[in-house]
1. Report the equivalent ellipsoid semi-axes for the chain in whole Å, largest first, defined as the square roots of five times the eigenvalues of the gyration tensor built from alpha carbon atoms.
2. From the P(r) of the stretch 42-114, can you give the percent of Cα pairs sitting at distances over 17 Å?
3. Which residue, Val188, Gln101, Leu209, has the largest displacement toward the positive end of the dipole of the chain when charges sit on each Cβ (Lys, Arg +1; Asp, Glu -1)?
4. Between Ser81 and Asp200, what FRET efficiency comes out of the Förster formula 1/(1 + (r/R0)^6) with R0 = 25 Å and r the beta carbon distance, rounded to 0.05?
5. Using only the alpha-carbon atoms of the stretch 56-179, report the extent along each of the three principal axes, biggest first, to the nearest angstrom.
6. Comparing Gly77, Gly196, Gly103, which has the greatest mean-square fluctuation in the GNM of the chain with Cα pairs linked when under 10 Å apart?
7. Running a GNM on the chain with Cα contacts under 10 Å, which residue among Glu118, Glu201, Glu180 ends up with the highest mean-square fluctuation?
8. Quick check for you: which residues of the stretch 134-164 have the amide N under 17 Å from the point 7 Å beyond the Cα of Lys211 toward its beta carbon?
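What follows draws every value from the coordinates through simple rules; no lab data is involved. What you are looking at is a predicted structure, and each value in this text was computed from that prediction instead of being measured. Note: ideal-geometry Cβ built from the backbone for every residue, glycine included; neighbour counts use all protein chains shown.
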Amino acid sequence: MKIKIFRNFAKRIFNSIFKKRSEINLGFYGPPNAGKTSLANRICKDWIGEEIGSVSNIPHETREVQFKEQVEIKHKGKTVSFKMIDTPGIATKIDYEDFIQFGVKKRDAQKRAKEATEGIIESIKWIEDMEAVVIVLDATKNPYSQVNITIIGNLAARNIPVLIVANKMDLKKADIKKVEAAFPEYDVIGISAKDGDNMDEFYESLFKLVK
């Protein structure tokens with residue numbers, strides 16, 4: 001684990017020195033299974049024709065920070081190049097038994113839990129490198145959680161621009177008003193990353209975030 005962390009640290013230093021100044025580090029943060037990777041995949045497919053990672057209904061499918069370099073997004077005659085940084089879902093506790101409920105065998109579940117814990121640590125470390133962050137929340141769930149408040153509080157303390165996405169608006173239980181009420185000081189955009197609904201408004205807000 002120490003070797004892995006050192007390699008990641010060295011990579012971050014290298015990227016911070018040599019990345020193009022016109023490329024913006026855009027991070028995707030939020031709780032597990034909110035749709036961070038689904039949204040990142042949607043954006044990457046829209047603009048470079050490929051995905052950033054795999055998705056699953058099993059929590060913590062993304063257990064390592066994933067990247068896509070030089071994703072150029074165009075909107076109303078303007079072009080911005082992003083380094084897309086998809087992070088593992090943040091959680092206060094990870095229990096391997098949670099994976100067993102999804103049919104994962106015990107040994108694999110224990111391995112997943114360990115990897116997910118390491119991924120959360122890596123995600124938190126990457127906050128310092130973010131120039132803008134999209135917080136992805138499941139609009140069918142209560143937004144007033146310790147995880148959500150902690151993530152946004154950490155970003156606010158660092159003056160990192162934040163856009164909140166209320167995802168899964170295609171579901172009947174989705175309620176964007178609860179998300180807006182929870183974080184009234186931020187722009188909240190309702191989308192369906194799965195179906196691609198309301199992506200134009202998302203890109204509009206994204207460009208405002210990084211202007």
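1. Taking √(5λ) for each Cα gyration eigenvalue gives 25, 22, 16 Å.
2. Roughly 55 percent, once rounded to a whole number.
3. Value: Gln101.
4. 0.80
5. The Cα atoms of the stretch 56-179 stretch 52, 33, 28 Å along their principal axes.
6. Gly77
7. Glu201
8. 161-164
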